[in-house]
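The values are calculated or read from the model by the stated rules, or taken from the named source; none is laboratory data. Just so you know, these numbers come straight off a predicted model, no measurement behind them. Note that each Cβ is placed from the backbone with ideal geometry, even for glycine, and that neighbours are counted across all protein chains shown. What goes into the accessible areas is simple: the full protein's heavy atoms, side chains included, and nothing from ligands, DNA or RNA. Shrake-Rupley method; radii C 1.70, N 1.55, O 1.52, S 1.80 Å.
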Amino acid sequence: MSSIAPPTDPSRRQFITGASTLVVGASLPLAPRLQAATGTSAEASTFVPNAFVRINEDSTVTVVVKHIEFGQGPWTGLATMVAEELDADWSQIRAEHAPANAALYANAAFGVQGTGGSTAIASSYLPMRQAGAAARAMLVSAAARAWGVSAAQITVSSGIITHEASGKQGTFGEFARLAATEEIPAEPALKSPDQFTLIGRDTRKLDTPAKTTGVATFTLDVYRPGMLTVLVAHPPRLGAKVAGVDDSAARAVPGVVDVRRISAGVAVYGQDTFSALQGRKALKITWDDTGSEKRSSAQLEQDWLATVRKGPGTLAGSHGDIEAGFGAGTKTFEAEYVFPYLAHAPMEPLDGVMELGEDGNLDVWMGSQLQTVDQGTIAAVSGMEPSKIRIHTMLAGGSFGRRAQPTSHFAAELTEAWKAHGGEAPIKLVYSREDDIQGGWYRPLTVHRLRGALDDEGNIVAWDQTIASQSILLGSPFEGLIQNGVDTTMVEGARELPYALSNMRVTAYITESPVTTLWWRSVGHTHTGYAVETFLDELLEAGGQDPVAGRLAMMSDKSPRLAGTLKRVAQMAQWGREAEAGHAFGVASVESFGSFVSQIVDVSLGADGMPKVHKVWCAVDCGVAVNPNVVTAQMEGGIGYGLGAILHNALELGPGGTVQQSNFHDYPSLRLNEMPEVEVAVMASREAPTGVGEPGVPPIGPALANAVRKLTGATPRLLPMRRSLNA
């Protein structure tokens, strides 16, 4: 553990603070507009909105990244875009998190600064390249002025500026002062894809060296003088409140300095983590369960199933005439699916540090995924102006959606805890693994009911799907995304399919429970992809069609890019060959977040009846692959994460509504010996890049289930698979 330097004033990144640094900003993303500050002294510095690039006298190029880096690669990806157009050498590239500022760093997809929905690369592709190109143009112009030559005669390569005719050369740093006085081009020229030297090639990840050597700083590494560690006792039933507390024993624990009630529970302040933990154990709390969920998961499942069995809910999407479709069918099929609550369970649970600075501003260190939402919440709870809340986005040990909280519940809890103790001492609020897994922010429990019909020739002539689930968006700042009474995250991946189906209907019910829910990696696609791709596989088989050929026949015209990945992965796996004795192949294709992924798995059954995935072939089309190595890693990680959930994970409410799981012993991640060999093909493309953080997850479950059906004769419909296969 180490101390960190006092907080950096974020405003410094908005200024040219002297002649030694060139800062370039872009007004993004809808109206590209580049501005440069001019000036030869700090006094003459000029404000530059949306600064993304800083070039120092030592020629290092720092790319300011507005998205959190928790392993998915935005530092490297966004820096690559800048370096490409700047013609920089990769060794001179650095990256750092941007300060929280919606006006400067809002995500175009959300309207607030935040990371999610696999949007980081997609939303930054053009603006970051423009920022790099503008910086390059300014450096070239400065060199031309200094050398008395035409800018058109100057070239830049690997960070060296050259005028070949005179033999003159210079570095970025040598021209940083002069370049800061150049006018920024309104529309800097961008390279064509065939001119790329960095985009599309594997480059080392910028955050890897510090993480592998242990010098990277996470929130848990932040220590401030006089800091107290805080742990909060949360209610055992979701939705319960504190009715009374006896804290006398807790206050007697050595090292415990205070105990306070806050809205989330009871906060214990210790001189260190151990004393806070021991103090929390000593609390005697009476809980008010009036508003809590007392139903078990089993009861909730039955309630949700009864809902979808009532018939169609609110219309989410339709084509053709569903009743006519069923009338034309000669064979009908029905299936029900149950998907459990899922916890995110990142390796680093939630934590945050808060301190009132000497300048009167409030400094907050945390791995925030929605920085300006958290900033607003902290301002509201603390009673301070948002401009006085400085969010220092930290590297984070995973998230899978856990740190993207529309309600900012963790930021609110941190602020309440800080304020309840008087706001004088800096505090670090820490969630244990148990706090995080039992904390009640889960992928919703969801059920599906599907009906389908085939005609005499085996064609699918009717597709009817009803989904029941709690809403993630209802009551959150993103409630506006609910359309005509349907939470779009419930039905994404189902209301519009990549297949040409003449008669289809998708409806939804929003169910209610005090259990709090949150988007989980790939959000709705994790259950819609499973239900759609397994039911489709069954219909194709019943119609006498090959799973790959049948899919291609329905998707080639409607979704040619997804069809392209299916053709590629079928080629990789040599689809059509016989599987080894006791093995079976399964296939699935899912478009999510604008990316197209197909996967084929080779599976056998173990002695315990559980499937063993030996190999996964994966083809992904995500447009231009800025860094193919990162794309491959995201597919591999998504497959492992999704496979662990499909095989093992369920967050269950027991009798009376208490959470049953608490840590990795009963909520396991995929073990190393369960990880299959993975082969990934990244499709060549000139389409604009889309995201890869989430699209690797959805296909693995249905591909596995389709292989299991071949081995057992039945599709696992009660998730995770251990429930279906061990029932």
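Yes/no matrix, rows are residues, columns are (1) touching a residue at least 24 places away in the same chain (Cβ under 8 Å); (2) surrounded by 14 or more Cβ atoms within 10 Å (Cβ to Cβ):
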| position | (1), (2) |
| --- | --- |
| ALA152 | no, no |
| GLY159 | yes, yes |
| GLU164 | no, no |
| GLY167 | no, no |
| THR171 | yes, yes |
| ALA180 | yes, yes |
| GLU183 | yes, no |
| ALA186 | yes, no |
| ILE199 | yes, yes |
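The set of residues in the range 274-291 that are buried (at least 20 other Cβ atoms within 10 Å of the Cβ) and either among the hydroxyl-bearing types (Ser, Thr, Tyr) or under 31 Å from the mean Cα position of the chain (by Cα) (or both) contains only SER275. What about VAL603, is it in contact with a Gly (Cβ under 8 Å, 6 or more places away or on another chain), farther than 15 Å from PRO698 by Cα and open to solvent by less than 10 Å² (accessible area, probe 1.4 Å)? Yes, satisfied. Hey, any hits in the range 601-622 for a residue that's within 25 Å of the chain's Cα centre (by Cα), at pLDDT 95 or above and outside any strand (DSSP E or B)? The answer is yes; a qualifying residue exists.
Evaluating ARG260 against the criteria (1) buried (at least 20 other Cβ atoms within 10 Å of the Cβ); (2) in contact with a His (Cβ under 9 Å, 6 or more places away or on another chain) leaves one unmet condition, (1). When the range 567-594 is filtered for residues that are without any contact (Cβ under 8 Å) to a residue 60 or more places away in the chain, part of a loop (DSSP other than H, G, I, E, B) and open to solvent by less than 50 Å² (accessible area, probe 1.4 Å), only ALA579 remains. Residues in the range 208-220: is at least one within 22 Å of GLY132 (Cβ to Cβ), touching a Lys or Arg at 6+ places or on another chain (Cβ under 9 Å) and surrounded by 14 or more Cβ atoms within 10 Å (Cβ to Cβ)? Among the residues of the range 208-220, not one is within 22 Å of GLY132 (Cβ to Cβ), touching a Lys or Arg at 6+ places or on another chain (Cβ under 9 Å) and surrounded by 14 or more Cβ atoms within 10 Å (Cβ to Cβ), which makes the answer no.
Restricting attention to the range 253-311, the residues being under 27 Å from MET490 (Cβ atoms) and either charged (D, E, K, R) or in a helix (DSSP H, G or I) (or both) number 17. Against the list (1) among the aliphatic types (A, V, I, L, M); (2) open to solvent by 10 Å² or more (accessible area, probe 1.4 Å); (3) closer than 30 Å to PHE70 by Cβ; (4) outside any loop (DSSP other than H, G, I, E, B), the condition LEU190 fails is (4).
Residue count for the range 299-318 satisfying the condition of being under 15 Å from TYR341 (Cα atoms) and open to solvent by 60 Å² or more (accessible area, probe 1.4 Å): 2. Each residue in the range 375-434 was checked for being outside any helix (DSSP H, G or I), without any contact (Cβ under 8 Å) to a residue 60 or more places away in the chain and open to solvent by less than 10 Å² (accessible area, probe 1.4 Å), and 1 pass. A single entry from GLY564, GLY576 fulfils the requirement of being at pLDDT 95 or above and in contact with a strand residue (DSSP E or B) (Cβ under 9 Å, 6 or more places away or on another chain): GLY564.
Does VAL626 meet the test of being out of contact with any Asp or Glu (no Cβ under 6 Å at 6 or more places or on another chain), aliphatic (A, V, I, L, M) and in a loop (DSSP other than H, G, I, E, B)? When the stated conditions are applied, VAL626 passes them. The combined condition, being of a type in the set (S, T, N, Q) and under 30 Å from GLY116 (Cβ atoms), is not fulfilled by GLN574.
Name the single residue, out of those in the range 171-187 being part of a loop (DSSP other than H, G, I, E, B) and among the charged types (D, E, K, R), that is nearest to the chain's Cα centre (by Cα). Out of the qualifying residues, it is GLU187. Pick from the range 441-460 the residues that are surrounded by fewer than 23 Cβ atoms within 10 Å (Cβ to Cβ) and of a type in the set (Gly, Ala, Ser): which of them is nearest to GLU348 (Cα to Cα)? Checked the range 441-460; the qualifying residue nearest to GLU348 (Cα to Cα) is ALA453. Considering the range 199-243, and only residues there that are charged (D, E, K, R) and not in a loop (DSSP other than H, G, I, E, B), the residue that is nearest to GLU434 (Cα to Cα) turns out to be ARG237. You will find that of ALA688, ALA650, the residue that is open to solvent by less than 20 Å² (accessible area, probe 1.4 Å), within 21 Å of the chain's Cα centre (by Cα) and among the hydrophobic types (A, V, I, L, M, F, W, C) is ALA650 and no other. Residue check: ALA494 meets all listed conditions (1) part of a loop (DSSP other than H, G, I, E, B); (2) among the small types (Gly, Ala, Ser); (3) open to solvent by 20 Å² or more (accessible area, probe 1.4 Å) but one, namely (3).
The set of residues in the range 106-128 that are crowded, with 22+ Cβ neighbours inside 10 Å and in contact with a helix residue (DSSP H, G or I) (Cβ under 8 Å, 6 or more places away or on another chain) comprises ASN107, GLN113, GLY114, THR115, ALA120, ILE121, SER124, MET128. Do we find that LYS331 is more than 29 Å from ALA425 (Cβ to Cβ) and open to solvent by 10 Å² or more (accessible area, probe 1.4 Å) in this structure? When the stated conditions are applied, LYS331 passes them. If I filter the range 557-565 for residues that are more than 27 Å from VAL631 (Cβ to Cβ) and not aliphatic (A, V, I, L, M), do I get at least one hit? The answer is no; no qualifying residue exists. Within the range 659-666, is even one residue without any contact (Cβ under 8 Å) to a residue 12 or more places away in the chain, in contact with a Ser or Thr (Cβ under 9 Å, 6 or more places away or on another chain) and surrounded by fewer than 21 Cβ atoms within 10 Å (Cβ to Cβ)? For the range 659-666, residues without any contact (Cβ under 8 Å) to a residue 12 or more places away in the chain, in contact with a Ser or Thr (Cβ under 9 Å, 6 or more places away or on another chain) and surrounded by fewer than 21 Cβ atoms within 10 Å (Cβ to Cβ): present. Only one of the listed residues (TRP463, TRP520) is assigned to a loop (DSSP other than H, G, I, E, B), touching a residue at least 60 places away in the same chain (Cβ under 8 Å), buried (at least 19 other Cβ atoms within 10 Å of the Cβ) and of a type in the set (Phe, Trp, Tyr). That residue is TRP520. Taken over the range 543-560, the criterion of being surrounded by fewer than 19 Cβ atoms within 10 Å (Cβ to Cβ) and within 28 Å of the chain's Cα centre (by Cα) is satisfied by LYS558, PRO560. Considered as a group, the residues in the range 692-727 that are in a loop (DSSP other than H, G, I, E, B) and surrounded by fewer than 18 Cβ atoms within 10 Å (Cβ to Cβ) include one that is modelled with the lowest pLDDT, and that residue is ALA727. Here VAL23 meets the list (1) over 20 Å from the mean Cα position of the chain (by Cα); (2) part of a loop (DSSP other than H, G, I, E, B); (3) among the hydrophobic types (A, V, I, L, M, F, W, C); (4) at pLDDT below 95 almost entirely, failing just condition (2).
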